[in-house]
Structures are given as C-alpha cells and as structure tokens.
Amino acid sequence: MIDGLVSVIMPTYNCAKFIAETLDSIKAQTYENWEVVIVDDCSKDNTKEIVDAYIAADPRIKYHCLEVNSGAAVARTKAMELAEGEYMAFCDSDDLWMPDKLERQLAFMKENGYAFTCTAYEQINEETQPLNRVIKTVKKTNYNRLLLDCPVGNSSVMYSVKQMGKFEVPNIRKRNDDALWLQMLKKEKYIYGMPDVLMRYRIRSNSISSNKLSVIKYHWILYREIEHLNVFRSAFHICWWCFLKVFRIK
C-alpha cells in the first residue's frame, strides 16, 4: 500500500468511444498522486489501442485484460486486487471527473476523519452535453438507507483502503455497485455525502442499466441471494424501487 496514492478503479468493456475523454478528465486532476487501474472485460472494439497510447505517455495508467468475458463485477474486483493505493476511487470508463475532484474529496475525508465518501453529480448525454439534472447526496447513508434508494453515484465514491481494506465485488451482472456498497457498509457504518458536484455521469441508451424492467431481477438476486433478506422485505424494496422509477426519473 502506497501512502497518499489514489488508485482509480476502472472496469471497461467496448468503451472506445468514451474512454479517452474519461482518462483526460483524470489526467487533468489537480491532485497528481494517482494511478488508474483499467481492467478490460475482453472488449471487441479498439479500447486497448486507445489505452495503450495513454500508457505510453503516462505510466500512472495501467491496463489488464481478463482472459474471458466475465462481467463488470469480476473486472472491478480484479482492478481492486491490483490497486496499490492508500485510497480507492471508482470511475466508470464513460464518466467524467471535475478537475479538482480528488483534491477536494480527499480534503473532505481528511478534515472530517471519514473513511467512505461520495459526492453529488450531474448527468450528461452521449455527446457530453448536460441534461440539467443534478443528483444530490445524502449527508450520511447507512446500510438500511442504501437499501431503500441508493443515493450513491459509482464514479463519485472514494474510500480509505488503510481503514477498510479490500473487498470482492458480489458477482451479479447488474447492481453490483450497490452490492459492493452494502458489503462495505457492514464494515463502515456510514458513507458520507459531499454536496459538491464533482462527477459527470453519462446516460447511454444501450447501457446495461438502461432497461429498468430487466434490473428488477437483479434487485431480487441482490436482496435474496446476496443480502439474504426475507421474502417480505425483499418484495417491499422491489416495490419501493418501482414506485421511485414511476414517479421520478433517475
């Protein structure tokens, strides 16, 4: 573990259209003590060629390709395994960071003694145009609050490896980020929300989470098979999630 180093965890799959812009947003960080650990889930496009050009110019960027296509959870776990930093930050390969994201979030953590944090974020479309919607954070979120309605943007999360250790991402195809936060909240009581908008989340028409109906199955797997909630509580959370999707866009 390298003190002060932030390991940026980046699983990727067929993201050649966006990954250069994502890496540019990381290279632009005012906090410069970082590494990017990219784990490629056997992309079929030219993701590797794009990343190779960045690696040639900046050794802080590292690349590993899985032997077989295994899903985002496996790729994320592998990246966390390879990471060497005192802190881990998560960034999907199509999202963007504000230039002072790492600097301000680290200061927020150190000043308050927080081990596990997230930030507010805004939504953009596939052409990086703002959708004029900001997703605010909750001041602090515990396990039960996160089950109700996850207020955590994956690419906004940072945590202290020194305080919390490393984790294995539950291997489900969708909602594995929520599953990871739930695992982490069994070790750390709260994830603390920073109100500043420090991340831009890209809405993609063909993303794995865009089909809301298909996600319901994975919520059930998460509640029943991973978190071992009883049938009634699992059904309640499914119904609540559906209610939120009907009455607000997220």
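Quick notes
- Atom-type composition of the exposed protein surface of region 104-144 places 44 percent of the accessible area on carbon and sulfur (1.4 angstrom probe).
- When the chain is treated as a Gaussian network with alpha carbon springs shorter than 10 Å, the biggest mean-square fluctuation among Pro99, Pro59, Pro151 belongs to Pro59.
- Packing, as the average of other Cβ atoms within 10 Å across residues, places the peptides 135-146, 171-182 in the order 171-182, 135-146, highest first.
- 0 to 90° range, to nearest 10: angle between helix 231-247 axis and the chain longest Cα axis: 70 degrees
- Extension gain, Lys110-Leu82: 0.36 nm per intervening residue step, less the Cα-Cα distance, totals 7.6 nm.
- Protein accessible area in region 13-67, 1.4 Å probe - carbon and sulfur %: 53 percent
- Note on the chain: with charges restricted to the Cβ of Lys and Arg (+1) and Asp and Glu (-1), its dipole about the Cα centre is near 1300 debye.
- Between Met164 and Phe232, the contour length at 0.36 nm per residue exceeds the Cα-Cα span by 21.3 nm.
- Checking the Cα-Cα distances for Lys17/Lys139; Lys110/Lys139; Lys44/Lys78; Lys17/Lys187; Lys44/Lys101; Lys44/Lys166 against a 25 Å cut-off, the pairs over it are Lys17/Lys139; Lys17/Lys187; Lys44/Lys101; Lys44/Lys166.
- Using alpha-carbon coordinates, inclination of helix 101-112 to the longest axis of the chain, degrees: 60 degrees
- Using the 1.4 Å probe convention, the accessible area of the chain works out to 47 Å² per residue with neighbouring protein chains retained.
- Between the residues Val51, Thr77, Ala235, the greatest Cα displacement towards the positive end of the dipole of the chain, with unit charges on the Cβ of Lys, Arg, Asp and Glu, is found for Ala235.
- Each peptide in 82-93, 36-47 gets a packing score, the mean of other Cβ atoms within 10 Å over its residues, and the list from highest to lowest is 82-93, 36-47.
- Of (1) 0.94; (2) 0.97; (3) 1.04, the label for Rg/Rh (Cα atoms, Kirkwood Rh) derived from the coordinates: (1)
- The listed peptides 163-170, 13-20, ordered by packing as a protection proxy, come out as 13-20, 163-170 (highest mean of other Cβ atoms within 10 Å first).
The values are calculated or read from the model by the stated rules, or taken from the named source; none is laboratory data. None of the values given here were measured: they were computed from a predicted structure. Counting neighbours? That spans all protein chains shown, and the Cβs are built from the backbone with ideal geometry, glycine included. Side chains included, ligands, DNA and RNA excluded: accessible areas come from the protein's heavy atoms. Shrake-Rupley method; radii C 1.70, N 1.55, O 1.52, S 1.80 Å.
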